[in-house]
Structure formats: structure tokens, C-alpha cells
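In what follows, a structure is listed as C-alpha cells, so that the remarks can point back to it.
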Amino acid sequence: MSFLPYAVAVWICLVGLYGVVTSRHLVHTIICLSVVQSSTYVLLLAVGYRKDSVAPVFIDIPRDTPAVDPVVQALTLTDVVVGGAVTALLLAIAVQIEKHLDTLDPDELDPLRD
Amino acid sequence: METAPARRPGELSFEARRRLFLVGAVGLAALLLSGLSGLPDYRDVTPLYGQVINGVAVEERSTTAVVTAVNFDYRGFDTLGEEFILFAAALVLVLLLRRLGEERRGRLDRLPRHRHTTSAAVRLTCVALVGPTVLLAIYITMHGHLTPGGGFQGGVIAATALLLVYLGSDYATMRRLRPMALVETAKAAGAGSFVLIGVAGLIVAGSFLENFLPLGTPGELVSAGTIPLLSLAVGIEVAGAFVLLLSEFLDQLLVIRRKRGGGA
């Protein structure tokens, strides 16, 4: 069980990759990519976890209470923000692909067309 | 799966591609798992750097939410970069989704009114939730240094309030509530004031983003020096960026129409 969160992160990453490879629709591809990315959240938070600890918020608890790592939590926040920006940009590109080529099926996107 | 599109020479079929991936995935899984198996038991790790910050943040920065202290103070410079990633992404999105030469704007009064399709219960709930959502956004942004939250979270919540207006009424109403010039100015002002607060730290306290305001008592609303101000700047910028994102996508869906006979 000591390995479980890391294994879960690997599993989420691979499931997302499977979705990207077998995708038939670009919006589905983009969502799968954000599934791949969410594996990093699990990995980061697992690295920062500590047994018998609380969240690093000391407003109503003594200041020496053991708390989990705040640094990786801040990194996860960065991760989420960057993930949102990437997803928004990819969706905008998908909108333009649909407009220009009338399809969202990656198999129909021929690099040599036009 | 109906008829697959015609394959070009040398291209793998869907099934072959899937099988090839499964072979690769087994290898990748083995690599990742063997790499991660070197990590210690996740329950026993004592995060050293995290422990140091947990120990000193409340004293040093008067901030009870240590994640916020890391974001807006210890890693403040990284957050500046993070904020500008979002800023640049929103700019590029506006550029990508601009009205192209062969497109024209549809007339707003010809839009299908959502009034007829949305039930009264949904509309009422949405309109009733707009006020509390804005309040929650302000609360989350301004209490970031006391409890979990901060500018990034609060800004996204503020942008959802506009989405609730769209859901509860229609696009024309939402457009009236969304002065685009103000949104763009707020977004730029939010990003700019983060830099200005940093420069003020450089001038007053001697280094970029260094705190130069009184720290106050930990746990009080007015405390933690520049952290709540930076959080507010980020909140305004994120709210502006997300309102811009949502508006651009809704414009694509509802307003911009391809010219008859145009397109690919």
C-alpha cells in the first residue's frame, strides 16, 4: 500500500494517453490530454503527504502541529493554472480547425491537404 | 465505429495503432513504476523544505495559510511568471478566435432566445446565485492569507458568475453585463499592479517583491503585508482573463457566422 498513490498517478497518465491515441474527435483528445496532466497533481500531492498531518493552515490550530508540505501544493496550483491555459488554447485551435477543414476527426486531418 | 476514412499509404489502421500503443504503454508503465518504486513510502516522507516553511511562515509573514505565503511571497517571482502565462494565453486566444475575413457578425436580436428552452427553476436558481457567487469570489480572494484560497481561485469563481447570468437569461443580457473594455482594462491592470507592487518592494525594501507594508497580527483580515494586495491583483487579472475566454468561446458559438458559400 505504500506505493498506491504513485501507481494511481501512473495509471491516470496511461489511461489519458490511451484516450489520446484512440481519439476520434479533437475535443476528446484535448480532454484526454488534461487527464494525462491531472496525473501530475496526484503525484505532487502524494510526494507532499505526511502521516498524521493536517492541511498547512494555522489559523485555529497550534503553530507546531505537523502539516503536509505546502510547497508541492503551491506547485500543484501552478500546474492547474497552466493546465487551464493550455486547454483553452487547444480548444481555440480546435475551433479554427473545424472552421477551415470542416472536421474534428484527427484521422481526417491530412497535413498535405490544401 | 462506422466506415473508417480512407487510409493513405503507410498509415496504420486504427486497430494496429491501438495495439502498437498497448505494447508501448506496457513498457512505459514498467519504466514509470520502476522509477517511482525508488521513492520512500509516501506516508513516511518528512518534507524537509515544507517543514521549514511551515515552521517560519506564520512568524515571518503573518500568514496563516502557508500555501498562499509560498505563492505570493516565497515563490512570488514564479507566481508573476504564472500570472503572465495566463495573460499571454488569453491574448493568444483572442488572436486565434478573432473574426476572420470571410466571417461576419450575426445580428444579436436574431439569436434564439434561451427564455423558451430554459426552465423557470433553472433561470431563478441562476439569477439567485449570481450575487452569492460574486460575494464568495471576493471572500476567497481577500481571505487567501488566512484560509485556503487566493486570487487564482477567487478570480475563476468571479468569472463563473457571468456564466450563471448567461445560463439564467440569454446571450444579449450577458453582453450588456460584460463591458469588454472594462474587462480588458481590469485584466491588464491586475497583471500590471502585480509588477508595480514588486517594483515598490524593490524601491522601498531593497529587493523585488519584498514585503514593505506592516505585517500586522496573524489571523486578522488586514495583515500579512503585500500578500493580500498581490492576491487581489491576481484575482482581478484571472477574473478578467476567464471572462475573456468564456466570451470568446460564446461569441464563436453564437455570434460569428460564416458567410454563405464561404468556408473550406
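No value in this document is a laboratory result; all are computed from the given coordinates. This is a predicted model, so every value here is computed, not measured. Cβ: placed from backbone, ideal geometry, glycine included. Neighbour counts: every protein chain shown.
Grab every C-alpha pair in region B:6-83, bin the distances at 10 angstrom width from 0 up to the longest one, and report whole percents.
Result, from short to long distances: 15, 21, 18, 19, 16, 9, 2 percent.
Out of B:LEU86, B:LEU232, B:ASN71, whose Cα points farthest toward the positive end of the dipole of chain B (charges: +1 Lys, Arg; -1 Asp, Glu; placed on Cβ)?
B:LEU86
Just tell me how shielded A:27-33 is by partners: mean number of partner chain Cβ atoms within 10 Å of each residue's Cβ, no decimals.
Working: counts 0, 0, 0, 0, 0, 0, 0.
Counting Cβ atoms of other protein chains within 10 Å of each residue's Cβ and averaging gives 0.
If amide hydrogens are placed 1.01 Å from N in the peptide plane, which non-local residues have theirs closer than 5 Å to the one on A:ALA67?
A:VAL54
Counting only Cα atoms, I'd like the Rg/Rh figure for chain B, Kirkwood definition for Rh.
Numbers: Rg = 24.6 Å, Rh = 22.5 Å.
Rg/Rh for chain B comes to 1.09.
Over the whole of B:218-225, what's the average partner chain Cβ count within 10 Å per residue? Rounded to a whole number, please.
Mean partner-chain Cβ count within 10 Å for B:218-225: 1.
At a threshold of 8 angstrom on Cα-Cα distance, excluding pairs fewer than six apart, so keeping six or more, what relative contact order does chain A reach in percent?
Numbers: 107 pairs, mean separation 30.9, N = 114.
After rounding, I find 27 percent.
At what distance in angstrom do the alpha carbon centres of region A:49-70 and region B:223-252 lie from each other?
Between the Cα centre of region A:49-70 and that of region B:223-252, the gap is 29 Å.
Using a 10 Å cut-off on Cβ to Cβ distances, tally the other chain neighbours for every residue of A:89-100 and report the average as a whole number. Mind dumping the intermediate values first?
Numbers: counts 7, 0, 6, 11, 4, 0, 8, 4, 1, 2, 10, 3.
Mean inter-chain Cβ contacts per residue within 10 Å come to 5.
Ranked highest first by average number of other Cβ atoms within 10 Å, how do A:86-93, A:40-47, B:153-160, B:11-18 line up?
Values: A:86-93: 18.2, A:40-47: 19.8, B:153-160: 22.5, B:11-18: 12.1.
Descending mean neighbour count gives B:153-160, A:40-47, A:86-93, B:11-18.
Averaging over every viewing direction, what projected area does the convex hull of the Cα atoms of chain A cover, in nm²?
Details: hull surface 37.4 nm².
Its average projected convex-hull area is 9.4 nm².
Sort the protein assembly as shown into rounded, prolate or oblate with this rule: let a ≥ b ≥ c be the square roots of the eigenvalues of the Cα gyration tensor; rounded if a/c is under 1.5, and if a/c is not under 1.5, prolate when a/b is larger than b/c, oblate otherwise.
Numbers: a/c = 2.13, a/b = 1.23, b/c = 1.73.
Oblate is the answer for the protein assembly as shown, as a/c is 1.5 or above yet b/c matches or exceeds a/b.
Could you quote the convex hull projected area for region B:128-264, Cα atoms only and averaged over all directions, in nm²?
Values: hull surface 44.6 nm².
The Cα convex hull of region B:128-264, projected and averaged over all directions, gives 11.1 nm².
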